[in-house]
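Nothing in this text is a laboratory measurement; each read-out follows from the coordinates by a stated rule. As the structure is a prediction and not an experimental result, all values here were calculated from the model. Cβ sites come from the backbone with ideal geometry, for glycine too, and all protein chains shown count toward neighbours.
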Amino acid sequence: MVGEFRLFFENSEVEKAQHYQTVLSLRGVGVELCQIEQLNARFLRLNPELALCVDASGLWLCANGMKMQPDWRAEVPRLKRASLKSEMLARACQLAEKPHLVDATAGLGHDSLLMAHLGAEVHLIERNPILFSLLEDAKVQAQQDPFLQSTMSRIHLIFADSEMYLQQLQQQGQSVDVVYLDPMFPQRDQNQQAIKKQAQVKKQMQLLHLLLPEHGEMDLGDQLLALAKQIAKRVIVKRPRHAIFLAEQVPDHQWLGDACRFDAYFSKD
Ligand SMILES: C[S@@+](CC[C@H](N)C(=O)[O-])C[C@H]1O[C@@H](n2cnc3c(N)ncnc32)[C@H](O)[C@@H]1O
């Protein structure tokens, strides 16, 4: 078992709650179902420990009076503004070429969503069972949005550890155009600029850091870089702007933004 989580739900969501309990238990997460009167802001404030909840919008992670889910539909205005020219991520990953891309650290899938929207065929790898289940939910909901339907056909979710996944690709002699890495970075070391982002992003990061504690499941992804370089024509690593290089490897090229940067490693073959 990965852990034990309480899952809060109102009477109207019993079936959904049971469904998530089954799905999560198959992925090694113990879930205690807790039916409550009203799942509202007051309830979340009074129950600040890390837990799950279900409402009409599906599964959420909650803690400290907040709740979060990937919610790809809320990204639509941002996607409508995005273009191959305006997005640093698009230039770094050469999205104009419609690459086959592995996002080896999927998280909430926001970077992958943008990359798939701009034309990439994306395989998202996530090893955390709760985040993976949130991603699955986000995809199902996004498929119902006409604007996101074609993007969803380029999004493929894989529940796995990327170290194993990349090793398997290598053993099978397969290669991909791009491996994208955005591993966790210790919150205490984050440059202030990087954390001074919109409140929504801050909230999501806080909950992510609670779910993936720094001395537990959160590792810094150093070993993924070496594996990625063996199977990809280019590896793009997202870092806070002033962070040290991943695995202390100097990149071949960098794109610098206000809060973050993309480090690129090109295949020498
Ligand atoms: C900072 S988050 C990525 C955020 C993502 N770029 C986004 O746009 O939402 C890092 C994620 O990588 C996942 N991760 C780290 N190492 C991994 C591995 N070896 N295999 C699969 N997932 C991994 C963590 O569970 C976490 O969800």
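Only one of Leu84, Leu89 is part of a loop (DSSP other than H, G, I, E, B) and over 11 Å from the mean Cα position of the chain (by Cα). Can you tell me which? Before the answer, list the steps.
Values: Leu89 fails: part of a loop (DSSP other than H, G, I, E, B).
On inspection, the qualifying residue turns out to be Leu84.
Can you tell me which residue is nearest to Leu61 (Cα to Cα) among those in segment 84-111 that are touching a residue at least 60 places away in the same chain (Cβ under 8 Å) and of a type in the set (S, T, N, Q)?
Thr105
Looking at segment 117-168, which of its residues are within 15 Å of Glu75 (Cβ to Cβ), within 12 Å of the ligand (Cβ to nearest atom) and in a helix (DSSP H, G or I)?
Leu134, Leu135, Ala138
Would you check if Glu15 is farther than 30 Å from Ser150 by Cβ and not in a strand (DSSP E or B)?
The answer is yes for Glu15.
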